[in-house]
Each structure stands twice: as structure tokens, then as C-alpha cells.
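The values are calculated or read from the model by the stated rules, or taken from the named source; none is laboratory data. Values in this document were obtained by computation on a predicted structure and should not be read as measured data. Every residue, glycine among them, receives a Cβ derived from its backbone with ideal geometry; neighbour counts consider all protein chains shown. Note: accessible area is taken over every heavy atom of the protein model, side chains too, but ligands, DNA and RNA are not part of it. Shrake-Rupley method; radii C 1.70, N 1.55, O 1.52, S 1.80 Å.
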Amino acid sequence: MNSPPQADLIHAITRPHRDLMTYYALACLVFPPAFPFLILPAYFRYHTMRYRFTDEGISMSWGILFRRETIINYARIQDIHLRSNFVERWLGLARVLVQTASGNASAELTLEGLKEFEAVRDFLYERMRGVKDPVKAA
């Protein structure tokens, strides 16, 4: 069974866009004296951040010393939000916040640095509602 082009595009996303590092650098420049101390964690977070979209769920991992990985099945997703501030909109980026019924008010998973944020949101909505990929008639 062939998946639609949008699903192939989403499955191909494995890393945040390179403009996310620009955003991190601009955010760290808000406090110039602390820039050297703030940019290092941001640099390592950007370079170790990985996404994986599978047929069962979505996962995100990052970190060097303390490796973190979050995996969410599509069936557990309760709500999806898009969020971007002025600088992110200027760079064409947004964050996709994925919430589950874990009892926590904040997002369970935040996908940062995505240019295809609307396509990712639509893809996740389709998966959480259980909509199957359309099968083309032969």
C-alpha cells in the first residue's frame, strides 16, 4: 500500500530545520554577558535533536550527557497546538505541541524548528483520529 505524498514528507523529517540554530543564537543574544554559557546547551540540543515518525507513533530524542527520548503513540494524543513567537514567525518556524491525557497541563512533546508545521499538525490529526491512508483504486 502506497502512502500519500504528505505522509512521505512527514516520515522524512528527522531533524529540525537549520534556522532553529539561528533562533537559539538570537534568543541567547538577549543576555549578551551570558551568551557563551547559554549558547553551548542550545548548540548541543540542536545538534542532537532527532525526530522519528512511524506508523505507530512519534518520538523525539536529544541530549549528550543526559539523553532523553519521548515516544507517544498516535492513539494517546489528545490535542495538538501550534505556537510561534515573533522571531520564529520571521524565520518561518513554529513549534508543534502534542498533549496527551497524562494529567499534566503542559505539552507532553514539543517538536521544535519545523518549517512544515501545518503539514505535521494535519498529519498528526489524521493519525490521532484513526483515519487510514486512502487506498487508490486500481
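Table: residues versus (1) within 17 Å of Arg52 (Cα to Cα); (2) in contact (Cβ under 8 Å) with a residue 40 or more places away in the chain.
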{"site": "Trp90", "(1), (2)": "no, no"}
{"site": "Val96", "(1), (2)": "yes, no"}
{"site": "Thr100", "(1), (2)": "no, no"}
{"site": "Leu109", "(1), (2)": "yes, yes"}
{"site": "Glu116", "(1), (2)": "yes, yes"}
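Just one of (1) modelled with pLDDT of 95 or more; (2) in contact with a helix residue (DSSP H, G or I) (Cβ under 6 Å, 6 or more places away or on another chain); (3) open to solvent by 40 Å² or more (accessible area, probe 1.4 Å) trips up Ile64, so point out which.
Exception for Ile64: condition (1).
From the list Tyr74, Tyr51, Tyr125, pick out the single residue that is open to solvent by less than 70 Å² (accessible area, probe 1.4 Å), in contact with a Gly (Cβ under 7 Å, 6 or more places away or on another chain) and of a type outside the set (A, V, I, L, M, F, W, C).
Tyr74
Name the residue that is modelled with the highest pLDDT, counting only residues in the range 116-130 that are basic (Lys, Arg) and part of a helix (DSSP H, G or I).
Among them, the one singled out is Arg121.
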